[in-house]
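To start, the structure itself, in structure tokens.
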Amino acid sequence: MAIEGTDIIQAAAFLGAGLAMGLGAIGPGVGEGMAAAKACEAIGKNPAEAGLLTRTMLVGQAVSESTGIYSLVVALLLLFVV
């Protein structure tokens, strides 16, 4: 049983998909955690503005999550297209 070129390409695609998701999920996770922490601090200092702060935080987290979704798309492309 010999290892052919297609086997090496498939193994590299699996490794690339794992790395894409592993590294691509770190940034949004840390960023969203920091955004939620700062929003909680701001709400603690000014509870009257809780609605505005929560809405702004959620919009920022949605933008931050888009990078995680891009890495998911890349990983799925590597798994099912390559």
Answer in debye to the nearest 20: the dipole magnitude of the chain about its Cα centre, from +1 Lys/Arg and -1 Asp/Glu charges placed on Cβ, is 320 debye
The farthest towards the positive end of the charge dipole of the chain, of the residues F14, V74, N46, given +1 on Cβ of Lys and Arg and -1 on Cβ of Asp and Glu, is N46
Only helices counted: for the chain, with every DSSP H run of 4 or more residues adding -39500 (n - 2.57) and the sum spread over all residues, [θ] at 222 nm is -30500 deg cm²/dmol
Sparse-neighbourhood loop hits (GluC sites (Glu not before Pro), the chain; DSSP loop; Cβ within 10 Å at most 14 others) -> E4
Expected unfolding gain across K38-I8 under the 0.36 nm per residue rule, minus the alpha-carbon gap, is 6.2 nm
Residue by residue through the range 44-53, the couplings from Karplus 6.51 cos²θ - 1.76 cosθ + 1.60 with θ = phi - 60°, in Hz, x for Gly and Pro, are x, 7, 9, x, 5, 9, 4, x, 5, 5
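All of the numbers you see were taken from the coordinates with simple rules; none came from a lab. Because the structure is predicted, anything quoted here is derived from the model rather than measured. When we count neighbours, we look across all protein chains shown, and the Cβ atoms used for this are built from the backbone with ideal geometry, even at glycine.
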